[in-house]
Amino acid sequence: MLSQAGVPHRRHGVSKAVIASVGCLVAVLVSLAGCGKGASPQAPLPASVFPSSNVPAATSSAPAPSASRTSSASPTPTMAGPTLAPALPSSNLPTMTVAQLPPEGRTTLVLIASNGPFPYRKDGVVFSNRERRLPKQDYGWYHEYTVVTPGSSDRGARRIISGRNGERYYTADHYGSFREVIQGESV
């Protein structure tokens, strides 16, 4: 199928080239992730993370980022890239690390950090926290993003909720429960 500009695109309007580029970015960021106390290098993403592309699985021999690095330090070429989740939790919810997310969840975090492009039109809409399972905040504080579910014909039940201060929450059961996503070791 071709878009109006004559560019091939997938079912949700994202070209295969964008998907491949995002997949490469995810592989690089995940291999560089792991900052924080007791952090270790992340395992490379499998090739299955990159649907319909010829992108090989990531391999990395780069050392883990230094835990002593402060936020005022200028990034080095090997440290470039967005922060996918905070180092420490900001709530009393159970936590999970970025590495513990499904591969599609890590892809969603990269898309959030780079402000898209997102695969679904509703990605980025205000999450109103009607279930009151996240910390109470003003309307507009939280935004929701789809975590693609392989084999699902719709958006599925998995989401990442992003807070105004960079906090991230993952739900695999459509808001039934949440875990706060952090960089380091889960609590």
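The table below gives the values:
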quantity: Subset tally (residues that are within 19 Å of residue 89 (Cα to Cα) and either in a loop (DSSP other than H, G, I, E, B) or not small (Gly, Ala, Ser) (or both)) for region 139-171; calculated: 15
quantity: Conditions (1) assigned to a loop (DSSP other than H, G, I, E, B); (2) in contact with a Gly (Cβ under 8 Å, 6 or more places away or on another chain); (3) under 14 Å from residue 171 (Cβ atoms): number failed by residue 86; calculated: (3)
quantity: Selected residue (only one of 184, 156 is in contact (Cβ under 8 Å) with a residue 60 or more places away in the chain, under 17 Å from the mean Cα position of the chain (by Cα) and surrounded by 14 or more Cβ atoms within 10 Å (Cβ to Cβ)); calculated: 184
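Every number in this text was worked out from the coordinates using simple rules, so none of it is lab data. Given the structure is predicted, the values throughout are model-derived calculations rather than measurements. Note that we place each Cβ from the backbone using ideal geometry, even for glycine, and neighbour counts take in every protein chain shown.
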